[in-house]
Amino acid sequence: MQFKKNTGLVSVLLILFVVIFSGCVEDETPEDSDPVETVDWRDVELTDVRTGEVFKISDLEKPVLVESFAVWCPTCLQQQKQMQELIELEGESITHVSLDTDPNEDIDQVLDHAERNGFEWYFAVAPTEMTEDLIDEFGVEVVNAPIAPVILICEDGEARLLGRGLKSAEELNTEVMEGC
């Protein structure tokens, strides 16, 4: 019984000590230190796995369709085939980027996927920070490969996530023409 009373007393004293002295600790961040610089996901340097070209989505000619995908995803492959069809319909008037957001995949897997399927637009692997920024802006569904997430970026830089599910070439073209 004596042990339980002492344990309770020690706990109370410990809590009081923490509360009283927590205000006495100085902020260890020097006032003149630079704040952490954040980079918009559109300004992250990416490498096209097919060509080795380094690019930023913000530097690409608009409008841009950015498709978040994973090489294991059959819906993503179907969406990419619709992207291919859109290129055949509209030519190069729309820039296409397939962005692998699966943290378990790498450049070699993405390159193999693009080559095996004959795709010839930008393919890149998203760095973790970029994926986190995409989730912050659009929600977790932007990296949910089976719902075929596609982001439309217009000439004014405005970006929006298009509806869920596989989108036909015609639907994508309508989104670009009416949404930008």
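Under 7 Å between Cβ atoms, at least 6 apart or on separate chains: pull out the pairs that start in segment 29-48 with a residue that is open to solvent by 100 Å² or more (accessible area, probe 1.4 Å) and end on any residue that is at pLDDT 55 or above and in a loop (DSSP other than H, G, I, E, B).
E45/K56
Keeping to segment 78-106, report how many residues are of a type in the set (G, A, S) and more than 23 Å from the chain's Cα centre (by Cα).
2
Could you list all residues from segment 57-98 that are in a loop (DSSP other than H, G, I, E, B), in contact with a strand residue (DSSP E or B) (Cβ under 9 Å, 6 or more places away or on another chain) and open to solvent by 10 Å² or more (accessible area, probe 1.4 Å)?
L60, E61, K62, P63, V71
The rows are residues; the columns are (1) in contact (Cβ under 8 Å) with a residue 60 or more places away in the chain; (2) under 19 Å from L86 (Cα atoms); (3) in a loop (DSSP other than H, G, I, E, B); (4) open to solvent by less than 30 Å² (accessible area, probe 1.4 Å).
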| site | (1), (2), (3), (4) |
| --- | --- |
| T131 | no, no, no, yes |
| G163 | no, yes, yes, no |
| T174 | no, yes, no, no |
| E178 | no, yes, no, no |
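Does segment 138-151 include one or more residues that are in a strand (DSSP E or B), open to solvent by less than 40 Å² (accessible area, probe 1.4 Å) and either under 27 Å from P103 (Cα atoms) or basic (K, R) (or both)?
Yes, segment 138-151 contains a residue that is in a strand (DSSP E or B), open to solvent by less than 40 Å² (accessible area, probe 1.4 Å) and either under 27 Å from P103 (Cα atoms) or basic (K, R) (or both).
Among the residues that make up segment 114-122, is at least one of them part of a loop (DSSP other than H, G, I, E, B) and of a type in the set (D, E)?
yes
Taking G118, is it of a type in the set (G, A, S), within 15 Å of P74 (Cα to Cα) and over 16 Å from the mean Cα position of the chain (by Cα)?
The answer is no for G118.
List the number of the failed condition for A114; all other conditions in (1) touching a helix residue (DSSP H, G or I) at 6+ places or on another chain (Cβ under 8 Å); (2) among the small types (G, A, S); (3) touching a residue at least 40 places away in the same chain (Cβ under 8 Å) hold.
Every condition holds for A114 apart from (1).
The values are calculated or read from the model by the stated rules, or taken from the named source; none is laboratory data. Source: prediction; values computed, not measured. A quick note on method: Cβ atoms are made from the backbone with ideal geometry, for glycine too, and the neighbour counts reach across all protein chains shown. Side chains are part of the model used for accessible areas, which takes the heavy atoms of the whole protein and leaves out ligands, DNA and RNA. Shrake-Rupley method; radii C 1.70, N 1.55, O 1.52, S 1.80 Å.
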